[in-house]
Structures are given as structure tokens and as C-alpha cells.
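Trainee: Starting off with a structure, shown below.
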Amino acid sequence: MTKVVAITGASNGMGFAAAELFAKKGWIVYGGARRVEKIPVSENIHALKLDVTDHDSNVAFIKQIMATEQGIDVLINNAGYGEYGPVEDTPLDNARRQFETNFFGAADLAQLVLPIMRAQKSGRIINISSIGGDVYMPLGGYYHATKAALQQWSDSLDIEIAPFGVRSLIIQPGGTQSAWSDIAMAHARKNLKTDSVYTRLVDKVSALLTANEHTSGASSRDLAQVFYKAATDARPKRRYFNTLGDRAMVWLARSCPRVFKKVFVFILNTLGNRVLKKKQ
């Protein structure tokens, strides 16, 4: 039987590429996004309006799928963004909005699809985290907190639902060829208070993140392949990484936290300053 996948954040980046790939593989794809007009157009892709921070929108999204389909085989919780900024400066309303999008939106949709998946005795909830769920950097405190929360939540959920034939899995992308860093750093500058003591830090992190943003890291198509693997593996893994380097970064941060911190601070203070000097 043809399988059905629901993908949030399908209007750009990894979500856009995943919608195209699943459709090419013969799946029926329901892509959700606020900017519905940017979701890819294909015979197998159904573009639906979705704001994951709005419970009524999430309910409507799942209801629209079930009005046509017999079930939902895979939910990919991909919607998210980076609310960067110094912890001291960033308004807590912005931090709460970050959690509403990156964490609670995924939790809400999971609660909506789980009765469907339990009834069909199969299904996968694939949660798009980041190596930033384990690795961290200054200015990303609230973003990293959402991804760490998503991972712990997913692991707990996986134990709860495995007896019903349903799984909850995590994908942890590393650096990507996208505008993610530009957007995150735009938030960081917006969140700076007037005459903030963190302005220089924002400059250094921005220089470090955006130096090779559009040419280094994985492409959206690379990561879409990881999405598809997580959805179709006969024996699904708890975690999926795109590269060995991504996996190694997570291992270092978790197993050798003091070493990781020293290495990152060194990189920030050397390469960050070097890039800034070149720009001056």
C-alpha cells in the first residue's frame, strides 16, 4: 500500500527537500507550513496551511489528512528556527516562542497522531533536532535548550509507544548549506539591548557561523536522504546523523565536556577574531 507522510516546515530547506524526495519515492506527502505557497508542487504532494504553535491549526492539519487517507505512517516534526541572543538580553517572550515552535509544536502533533498510529499498530514520529541538542555555543542557550528537551522527550516517548508498534526517533543534522545562521544571527542582533556588553560576542559568533555558511556542511537534499532512511529502516535507530563528523562532535560534547568547552572557546577566540579582522 502507498504510505503517507506528514512533514512540518515543508516550505524550505530540509522539509522542502524531504517532501520532494518522499513524493519521488511514491509516498503521499502532506506538507505543512505557514507559507503554504512555498511548499513544492507535485502530483503526490498536498500543501496545507500549518502553524505548529497554534493547536487549532495542528488539529486541522491532521483532520485534513485523515479526511482522505486511512492513516498516517510517518510524522516528521521538522518545523523550527534559531532564536539566538545572549541569555541576559533575550526577552523571555522570545524564548517561549522558541519553545512553542521547536518543542511544543512537535509534542502537540505527536499527541494528535498517536491514537491513529496505535490503532494501525505501526508508525514513526521523526523529530528533527540538531547536533545542537548536545553541542552548544554562546548565544544559542534557548535554541539548544529546545533541542535538548526534544531529544529527552523523544526518548521517553519511544519507550512508551514501542509496545504498540510505534517509534519516536531523532535526527541530528550538523552544519547545513542554508540561511539558518543568517536568520539566527539576525535574531541575536535584534535581541541585543541598547549598549549591550555582548555586542562583541555577537560579532565573533556571527563571523564564525557565517564565514562558509552557503558552501560548507550538508545540503538539504543530503539531509532529506537521512529523513527517508529514518522513515524506512527495517530496524530504526534511536539517533540518525548525516556524517561521522556530526556524530563525533556529539560524542565529544557528551563524553568530554571540559575538552569540548576548551576547544570551542579556543576556536571562537582565534578563528572568530581572524574572520572579523579580515572583514575590517
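Trainee: Using a Förster distance of 25 Å, how high is the FRET efficiency between S219 and Y81, based on the Cβ-Cβ distance and rounded to 0.05? The partial results should precede the final answer.
Mentor: Numbers: r = 19 Å, r/R0 = 0.76.
In this case the efficiency is close to 0.85.
Trainee: Right, here's the next one. So what's the back-of-envelope 222 nm ellipticity for the chain, counting only DSSP H runs of four-plus at -39500 (n - 2.57) apiece and dividing by all residues, rounded to 500?
Mentor: On the way: 11 runs with 136 residues, N = 280.
Roughly -15000 deg cm²/dmol at 222 nm, from the helical runs in the chain.
Trainee: Another question, then. On full extension of the chain, what length is gained from Q111 through R35, given 0.36 nm per residue of separation minus the C-alpha to C-alpha distance? Don't skip to the answer; put the middle values down first.
Mentor: Numbers: separation 76, 0.36 × 76 = 27.36 nm, distance 2.39 nm.
Stretched fully, the Q111-R35 segment lengthens by 25.0 nm.
Trainee: Tally up the carbon and sulfur contribution to the accessible surface of the chain as a whole percent, 1.4 Å probe, everything protein left in place. Display every interim value, and only then the final one.
Mentor: Details: 7610 of 13990 Å².
Answer for the chain: carbon and sulfur cover 54 percent of the accessible area.
Trainee: Okay, moving on. Quick one: how many lysine pairs does segment 169-267 have with C-alpha atoms less than 20 Å apart and a gap of 8 or more or different chains? Give me the count, please.
Mentor: Working: K190/K204; K193/K204; K204/K261; K204/K262; K229/K237.
So the count works out to 5.
Trainee: Can you order the peptides 144-152, 56-64 by their average number of other Cβ atoms within 10 Å per residue, highest first? Before the final figure, lay out each step's value.
Mentor: Numbers: 144-152: 19.9, 56-64: 16.7.
Final packing ranking: 144-152, 56-64.
Trainee: Rounded if a/c is under 1.5, else prolate if a/b beats b/c, else oblate: with a ≥ b ≥ c from the C-alpha gyration tensor eigenvalues square-rooted, which is segment 21-77? Can you show the working numbers first?
Mentor: Working: a/c = 1.95, a/b = 1.27, b/c = 1.53.
Oblate.
Trainee: Now, a different point. Label-point separation (nm) for T68 and K121, each offset 7 Å from Cα along Cα-to-Cβ?
Mentor: Going from the T68 label point to the K121 one covers 2.8 nm.
Trainee: Where does the charge balance sit around V265 when Lys and Arg score +1, Asp and Glu -1, over other residues with C-beta under 12 Å from its C-beta? Display every interim value, and only then the final one.
Mentor: Working: positive: K204, R258, K261, K262; negative: none.
Residues close to V265 contribute a combined charge of +4.
Trainee: Taking the solvent-accessible surface of protein heavy atoms with a 1.4 Å probe, what is the per residue accessible area of the chain in Å²? Numbers along the way, then the final one.
Mentor: On the way: 13990 Å² over 280 residues.
On a per-residue basis, 50 Å².
Trainee: If we count every other residue with Cβ under 15 angstrom of V226's Cβ, Lys/Arg +1 and Asp/Glu -1, where does the sum land?
Mentor: Result for the local shell: +4.
Trainee: With label points built 7 Å along Cα→Cβ from the Cα atoms of R247 and D195, find their separation and express it in nm.
Mentor: Inter-label distance under the simple model: 5.2 nm.
Trainee: What does the charge count around I116 come to, taking other residues whose C-beta lies under 14 Å from its C-beta (Lys +1, Arg +1, Asp -1, Glu -1)? Please report the intermediate quantities before stating the final value.
Mentor: Values: positive: K3, K63, R118, K121, R124; negative: E69, D73.
Spelling it out: positives minus negatives among the neighbours equals +3.
Trainee: I've got another one for you. Any idea what the relative contact order of segment 17-122 is, in percent, if you count C-alpha pairs under 8 Å spaced at least 6 apart?
Mentor: Numbers: 111 pairs, mean separation 23.6, N = 106.
Dividing the mean separation by the residue count of segment 17-122 yields 22 percent.
The values are calculated or read from the model by the stated rules, or taken from the named source; none is laboratory data. Remember, it's a predicted structure, so these values are computed and weren't measured experimentally. Glycine gets a Cβ as well: all are built from the backbone with ideal geometry, and neighbour counts include every protein chain shown. All accessible areas refer to the heavy atoms of the entire protein, side chains included, with ligands and DNA or RNA removed. Shrake-Rupley method; radii C 1.70, N 1.55, O 1.52, S 1.80 Å.
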